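See below for the structure under consideration.
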Amino acid sequence: MKSKFNLGLFILTAMIWGIVVGALMGKNAALFAPLGQLFMKLILMLVAPLIAMSIIAGAASLGGTKSAGKVGISCFIYYLVTTFIAVLIGLLLGNLFHIGAGIDTTHIQQVFSSEMAEGGLTPGFWETILSFIPDNPVQALVAGNILQIIFFSLFFGFGLAAMPQKQKEPILSMLEAGNAALIWMIQKVMWTAPIGVFGLMADAVGTFGYDILSLLLKFLFVYTAAMLIQTFGVYSLLIKLLSNTSPVRFITKIYEAQIVALSTSSSLVTLPATFQACEEKLEVSHETASFVLPLGATINMDGTAIYNAMTAIFFAQIFGIPLGLPEYAAITLTSTIGAIGQAGVPGPTLLVIAVLQSAHIPITGLPLIFGADRLFDMMRTAVNITGDASCAVIVDHLAFNNRKQSANKG
């Protein structure tokens, strides 16, 4: 936790220095641009293998839902639906408030790479659906086709979940070891983030002045509004409709866990506080909490899903890239399903890259938002654990009613 905080402080400091240098040097600050490009290439190198290993392991772990019966199925459906809603909120607000509009795109290539979508006609609905399925999974991995990697990884992970424990254990151990090695690599690469953020911020501010900073603040404000809608709108409504707990009681009992999430930016670190809030204050049974909350800390990332969707809209608007149905479908699918691969990944970087790549949006501007990532991370973690707790309350209520009805029949 201390290391992560220090890194966040270094990145924020680098962002400030980049702004100062860019303002002083003007367009001459472009000489620092390769620093940002170097950092992005290091991160991009690790995206495909980490996404594949994480999603396979995450999907395989869902095998426990079969043994948990209706509780597990209800839990997984709830997480999937709320994450999908979160993505839609991110897309809607991002487009409604035009969070990335306002920069003269005729000079955008002075700062960013010309990496854009491939030419050709926009594919139709069935072409988009068929493009999710790889002809050759190995080729998809080599080419970095994120949607095809996610599809095959999910399918393979569910196949592992259906296998006997003794047969799948060696494969899972290998995946966990590979995932741990990749996370170690990412942790080392992330220490180059301050250098990359400094280079790109100096270059961006030198070229566009303070317009880029106003866009970042606009993004942050709209994102905060989306977090409030998900927390006090979506979760409160579902609590009211699907449980006997009032939304006001739920929010007042979960706020301490939310504070822990804001301060640690980690769903896993917050897990003990979430357990305490659910079991002691919201009276969720230990049987339900012990299943729902750890699973949610692993795969339920509604706050992250909103962030990914809005980031895609942000950079699509900055680059002037029109998004059609295939692109929105790709963003929605990658943001929703990709949450399964978030466990253990430090920060949002890799899945954000996957979401952008799936819609053919350039990734080279990402360091622009890294300086404020600590603020984004705090809020999305608080939303993530609130979603976990709401699921525990609802699933436990439904399970309790079923047990009560069964007892009455008996």
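The values are calculated or read from the model by the stated rules, or taken from the named source; none is laboratory data. Being a predicted model, the structure only gives us computed values, none of them experimental. All Cβ positions, glycine included, derive from the backbone under ideal geometry; neighbour counts span all protein chains shown. Surface accessibility is based on the protein's heavy atoms, side chains included, excluding ligands, DNA and RNA. Shrake-Rupley method; radii C 1.70, N 1.55, O 1.52, S 1.80 Å.
Here are a few things to note about the model shown:
- The set of residues from segment 197-219 being open to solvent by 50 Å² or more (accessible area, probe 1.4 Å) and at pLDDT below 85 comprises 210, 211, 214.
- Some residue of segment 274-295 being among the small types (Gly, Ala, Ser) and within 22 Å of the chain's Cα centre (by Cα): no
- Checklist (1) at pLDDT below 85; (2) of a type in the set (Ser, Thr, Tyr); (3) farther than 30 Å from residue 176 by Cβ applied to residue 349, failing item: (3)
- Looking only at segment 235-250, and only at residues there that are within 27 Å of the chain's Cα centre (by Cα) and open to solvent by less than 90 Å² (accessible area, probe 1.4 Å), the one that is nearest to residue 387 (Cα to Cα): 235
- Residue-level check: of (1) open to solvent by 20 Å² or more (accessible area, probe 1.4 Å); (2) farther than 17 Å from residue 52 by Cβ; (3) part of a helix (DSSP H, G or I), residue 163 misses just (3).
- Candidates 269, 189, 222 - the one that is open to solvent by 10 Å² or more (accessible area, probe 1.4 Å), closer than 26 Å to residue 311 by Cβ and at pLDDT 90 or above: 222
- Among (1) touching a Lys or Arg at 6+ places or on another chain (Cβ under 6 Å); (2) free of Cβ contacts under 8 Å to residues at least 12 places away in the same chain; (3) not aliphatic (A, V, I, L, M), the one test that residue 233 misses: (1)
- Wholly enclosed helices (runs of 4 or more DSSP H) of segment 283-339 bearing at least 2 residues open to solvent by 10 Å² or more (accessible area, probe 1.4 Å) and under 26 Å from residue 273 (Cβ atoms): 286-299
- Checked against the criterion of being at pLDDT 80 or above, open to solvent by less than 80 Å² (accessible area, probe 1.4 Å) and over 19 Å from residue 337 (Cβ atoms), the candidates 194, 137, 170 yield just one match: 194.
- Single match in 394, 361 (criterion: open to solvent by less than 10 Å² (accessible area, probe 1.4 Å), of a type outside the set (Ser, Thr, Tyr), modelled with pLDDT of 80 or more and in a loop (DSSP other than H, G, I, E, B)): 361
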